[in-house]
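Chemist: Below you will find the structure I want to go over with you.
The values are calculated or read from the model by the stated rules, or taken from the named source; none is laboratory data. Source: prediction; values computed, not measured. Reconstructed Cβ throughout: ideal geometry from the backbone, glycine too, with neighbour counts over all protein chains shown. Surface accessibility is based on the protein's heavy atoms, side chains included, excluding ligands, DNA and RNA. Shrake-Rupley method; radii C 1.70, N 1.55, O 1.52, S 1.80 Å.
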Amino acid sequence: MNKNIAVIRGDGIGPEIVEQALLILDKIAELYGHTFNYTDVDMGGCAIDKWGDPLPAAELEKCVNSDSVLLGAVGGDKWNNVPGEMRPEKGLLRLRAGMGVYSNNRPAKIWGQLASASPLKKSIVDKGIDFIIVRELIGGIYFGEHRTDSVDGEDVATDILKYSEKEIERIGRIGFETAMKRGKKLCSVEKSNVLDSSRLWKKVMHKLAEEYPEVELSDMLVDNCAMQIVKNPAQFDVIVTENMFGDILSDEASMITGSIGMIPSSSLGGTSCGLYEPIHGSAPDIAGTDAANPIGTILSAAMMLRYSFDMASEADAIENAVSAFLDKGYRTADIMPNGEDAESCVKVGCKECGKLIIENLKR
Ligand code: NAD
């Protein structure tokens, strides 16, 4: 297969981690007979320096015309004082809007080798944690009307939570499609005992389920879900939920896995063209020191293969190579254990990490 990938290296550790992900994609191309063409895109602080704009229209165009986008991270102290519209993060918001992505998908996976980094009890972690949260990204209470009125001499604030059937259906579809590519279990999370928007959410999800007879759909109230994520996370495969619930639950889920440097994400819309990026930022404190963990970006590239290019075996190969790397005791600084546990581990830098993962890539 021939695929065109728009590559945003960005700022801080962005260029270092993206470089390793591209080397891994090159090796996958060689092993499986694919061609990946890369187009560099300037976004973030580096685009402000070069073009005076965090995402010039021509750069966005390259992303929209690609088969998918791989992003490192943007931002840094240097651009903290530029005007709001010119901030590096504005580039990211414009990119999401320009690509029309309305779901953010974050896996919560505990790698057995890093189980001790999880704040959860060993007995819970040992059952295995490997699920993904599909969060609606551009609707709900964050995008509803916000208002503060003065009533009888005091301020009264209002935020409107609104969802249409269409908005729910399109995110639901991403939930079902994601479940089809994983364990075929989908948990729809809402607050239907209180909210009308949640009752509509539940109704639409059940209607959609008729189109996906292979997927086992369950419903869960958001307060219960927050408890179940720490009590019995092994029960989940895919969770689909609205914007604010997803915002909160996905941060909870990333905490239970241990290291921020290991977590990939995708943002998808109505086409197969997705945006793939690690969940962390540009880590200016370690930029240029070869200390960054590139695995979140490498796993983002694996998600791109699985969810945008239908290359499940290739995605499995990358995940297996990461697992083999960890099995052999290699660790970047952020996932290096302390004390006695450190004796069986070898600390490696960003480049060495990429090289060792490539050595473990097998078809
Ligand atoms: P951060 O995620 O960049 O860093 C938080 C801490 O985690 C730091 O100590 C950092 O060294 C460490 N860390 C992060 N990624 C790591 C990795 N791959 N390997 C090893 N250690 C890693 O968050 P921050 O410090 O709050 O933000 C720094 C900059 O990144 C800011 O300008 C912020 O606006 C930006 N940011 C960008 C994105 C994005 O591009 N999507 C997301 C979040 C923050």
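Chemist: For residue 160, project a label point 7 Å along Cα to C-beta. Then give me every residue of region 196-217 with its amide nitrogen under 15 Å of that point.
Modeler: Only 197 fall inside the zone, counting backbone N under 15 Å.
Chemist: Taking 8 Å as the Cα distance limit and 6 or more residues as the minimum spacing, I'd like the relative contact order of the chain as a percentage. Can you show the working numbers first?
Modeler: Details: 763 pairs, mean separation 78.9, N = 363.
Once divided by the residue count of the chain, the mean separation gives 22 percent.
Chemist: Per-residue counts of other Cβ atoms within 10 Å, averaged by peptide: what ranking do you get for 221-233, 132-144, 189-201, highest first? Could the numbers behind the result be given before it?
Modeler: Numbers: 221-233: 16.4, 132-144: 22.5, 189-201: 18.5.
Those peptides, ordered most packed to least, come out 132-144, 189-201, 221-233.
Chemist: Also: Using a 1.4 angstrom probe on heavy atoms only, work out the carbon and sulfur share of the accessible area of region 119-256 in %. Could you put the intermediate results ahead of the total?
Modeler: Numbers: 3770 of 7170 Å².
Roughly 53 percent of what the probe reaches on region 119-256 is carbon or sulfur.
Chemist: Separate question: Count the net charge of all other residues whose Cβ sits under 14 Å from the Cβ of residue 5, scoring Lys and Arg as +1 and Asp and Glu as -1. Kindly include the intermediate steps, with their values, before the conclusion.
Modeler: Numbers: positive: 3, 9, 62; negative: 19, 26, 40, 67, 277, 314.
With Lys, Arg at +1 and Asp, Glu at -1, the net is -3.
Chemist: While we're looking at this one, here's another question. Explain nothing, just the number: relative contact order of region 119-256, from Cα pairs under 8 Å at least 6 residues apart, as a whole percent.
Modeler: Details: 214 pairs, mean separation 51.3, N = 138.
37 percent.
Chemist: Another one. State, to one decimal in nm, how far the label point of residue 182 lies from the label point of residue 235, with both points 7 Å from Cα in the Cβ direction.
Modeler: About 1.6 nm, to one decimal.
Chemist: Which of the peptides 80-87, 287-294, 30-37 is most tightly packed, and how do the rest follow, judged by the mean count of other Cβ atoms within 10 Å per residue? Numbers along the way, then the final one.
Modeler: On the way: 80-87: 11.0, 287-294: 20.2, 30-37: 13.2.
My ranking of the peptides, most packed first, is 287-294, 30-37, 80-87.
Chemist: Along Cα→Cβ, 7 Å out, is where each label goes; now give me the distance between the ones at residue 4 and residue 146 in nm to one decimal.
Modeler: Once both label points are built, they end up 3.7 nm from each other.
Chemist: Could you report the chain's accessible area per residue, 1.4 Å probe, as an integer in Å²? Don't jump to the answer; show the numbers that get you there.
Modeler: Values: 16180 Å² over 363 residues.
Per residue, the chain has 45 Å² of solvent-accessible surface.
Chemist: What does the C-alpha gyration tensor say about the overall shape of region 119-256? Classify as rounded when a/c is under 1.5, otherwise prolate if a/b is larger than b/c, or oblate. Display every interim value, and only then the final one.
Modeler: Details: a/c = 2.58, a/b = 1.42, b/c = 1.81.
Taking the square roots of the gyration eigenvalues as a ≥ b ≥ c, region 119-256 is oblate.
Chemist: Here is a follow-up. Cross-link candidates for residue 202: which lysines have Cα within less than 26 Å, leaving aside residues fewer than 8 places away along the same chain?
Modeler: Within reach: 162, 166, 181, 184, 185, 191, 231.
Chemist: If I take all pairs of Cα atoms in the chain, what percentage of them are more than 40 Å from each other?
Modeler: Details: 8699 of 65703 pairs.
Looking at the chain, the distances longer than 40 Å represent 13 percent of pairs.
Chemist: In the chain, which whole DSSP H runs stretch at least 24 Å along their own axis (Cα) and average -0.5 or higher on the Kyte-Doolittle scale? Each step should come with its number before you reach the end.
Modeler: Details: long enough: 14-32 (27 Å, 0.62).
Those that clear 24 Å and a mean of -0.5 are 14-32.
Chemist: Highest first, please rank the peptides 146-153, 345-352, 260-267 by the mean number of other Cβ atoms sitting within 10 Å of their residues.
Modeler: On the way: 146-153: 8.2, 345-352: 16.6, 260-267: 22.9.
Result, highest mean first: 260-267, 345-352, 146-153.
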